[in-house]
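Bear in mind that the values in this text are calculations on the coordinates, not laboratory data. The shown structure was predicted, so the numbers you read here are calculated from the model rather than taken from an experiment. Please note: Cβ atoms are built from the backbone with ideal geometry, for glycine as well, and neighbour counts cover all protein chains shown.
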Amino acid sequence: MIPSLSAIHFLISYGCSAECDHCFAWGTPRREAGITCEQVDEFLGQIVSLGTVRSVCGEGGESFTKYPVLLHLMRRGSALGLGVSALTNAFWVTSRTEVEARLRELMAAGLSSLGVSTDQWHRQHVPVARIDLLLEICAAVGLQASRMETTPEGVMFRGRAAERLAPGRPTKPAEELATCPHEQLGAPSRIHLDCYGRLHLCQGLNIGPGGPAEAVGGYDPSTHPIVRLLLDGGPYALGRFATSRGFEMAAGYVDACHLCYRAREFLRPHFPELLGPDEMYGV
């Protein structure tokens, strides 16, 4: 059980309208896999049974590529007494009238806040004018909205960032990467849930097999083969473990995520139920 768990982020789709270099979910227009409305109902039933979760969020990929499912999540989550929110890159913002109608529909379904991705990578795919228009309309209809901007200094070098942004960057000695700086793996407050029923402590690092109720109920960080290493010695400890299986650990990595991702990528065949799915590793 995870008493600290209060939020579940639904990965509505692994598809995305964009293909940003810093995306650790490998979002791309060429992917179709996503959660269905039937899965929303099934997952929400299990989530409520946990007794600790207070909110759900729709994201991806890009959540608005499967708008009917996102809307269903808002309605069902709200009806169950959960706070509901969503993230988007604003690719769908073209007409003021249509955007206002869609936002009002989502608000009627229970949407309380909207995060809008806006940074130098997203702007290569979505004109900044669409982002500004969306935020303007959110203010007009009374929906709380915020900009979500990843700076070059804030990039986490996992997923596509490990492939496209890490090469040529300064590195740190691997042995210095001895803690996980971003996730509370022992007592997470939020996890991500995808269309395969995988619950991600960090994107691509899963709690274990089973649906939300079973996986969360049986989670023990001290016995999880990957998490226990990360808690004991961070990505460096995981890298050393992977080395015992044949992994060639480099002398340095850009950051802790970079080493962790590379070690997990190598270990996937050994722990298929804990490290996946393929989408999170660019397969």
Calculated P(r) of region 1-152 - Cα pairs past 20 Å, %: 48 percent
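Please state the charge dipole magnitude for region 63-121, taken about the Cα centre, from unit charges on C-beta atoms (+1 on K and R, -1 on D and E), reported in debye and rounded to the nearest 20. Don't skip to the end; give the middle numbers.
Values: 6 positive and 4 negative charges, 40 e Å.
So the magnitude is around 200 debye.
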Loop GluC sites (Glu not before Pro), region 179-265, which have at most 10 other Cβ atoms in a 10 Å radius of their Cβ (DSSP): E248
Computed over the Cα atoms, what is the radius of gyration of the chain divided by 2.2 N^0.38 Å, N being its residue count? 1.01
Just to confirm the number: angle between the C-alpha axis of helix 256-267 and the first principal axis of the chain, 0 to 90 degrees, nearest 10? 70 degrees
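Would you kindly give the portion of the calculated P(r) for region 1-63 that falls above 15 Å, as a percent of all Cα pairs?
56 percent
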Please state the relative contact order of region 159-283 as a whole percent: Cα pairs under 8 Å, 6+ residues apart? 34 percent
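Can you pull the percent of Cα pairs in region 118-161 with separation above 16 Å? List each step's numbers first, then the result.
On the way: 451 of 946 pairs.
Counting pairs separated by more than 16 Å, the tail of P(r) holds 48 percent.
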Rounded to the angstrom and largest first, Cα extents along the principal axes for region 79-235 equal 53, 45, 23
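What 222 nm value per residue comes from the helices of the chain, counting each DSSP H run with n ≥ 4 as -39,500 (n - 2.57) and dividing by all residues, nearest 500 deg cm²/dmol? Show your work: numbers first, answer last.
Working: 8 runs with 95 residues, N = 283.
After summing the helix terms and dividing by residue count, I get -10500 deg cm²/dmol.
What ranking of Y219, Y236 emerges when the number of other C-beta atoms within 10 Å of each C-beta is taken as an exposure proxy, fewest first? Walk me through the intermediate numbers first.
Values: Y219 20, Y236 23.
With the sparsest Cβ surroundings first, the list reads Y219, Y236.
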Euclidean distance between Cα centres, region 57-107 to region 236-283, Å: 34 Å
About the Cα centre of the chain, what is the dipole size in debye to 20, counting +1 per Lys and Arg Cβ and -1 per Asp and Glu Cβ, all else neutral? 80 debye
Taking a temperature of 37 °C and a viscosity of 0.692 mPa s, what whole-number D in µm²/s does Stokes-Einstein yield for region 165-270 with Rh from Kirkwood over alpha carbon pairs? 229 µm²/s
Volume per residue that the Cα convex hull of region 52-120 spans, once the total is divided by residue count, Å³: 92 Å³
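What is the Cα convex hull volume of region 224-279 when expressed per residue in Å³?
Numbers: hull volume 4.4 nm³, N = 56.
Here the figure is 79 Å³ per residue.
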Taking only the alpha-carbon atoms of region 103-191, the convex hull volume per residue, in cubic angstrom, is 141 Å³
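For region 177-225, what does the equivalent ellipsoid look like in terms of its semi-axes, each the square root of 5 times an eigenvalue of the Cα gyration tensor, given largest first in whole Å? Don't skip to the end; give the middle numbers.
On the way: eigenvalues 69, 31, 17 Å².
Semi-axes, largest first: 19, 12, 9 Å.
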Provide Rg over Rh for region 153-205; use the alpha carbon set for both Rg and the Kirkwood Rh (inverse mean inverse pair distance). 1.02
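Explain nothing, just the number: relative contact order of the chain, from Cα pairs under 8 Å at least 6 residues apart, as a whole percent.
Values: 550 pairs, mean separation 62.7, N = 283.
Relative contact order for the chain comes out at 22 percent.
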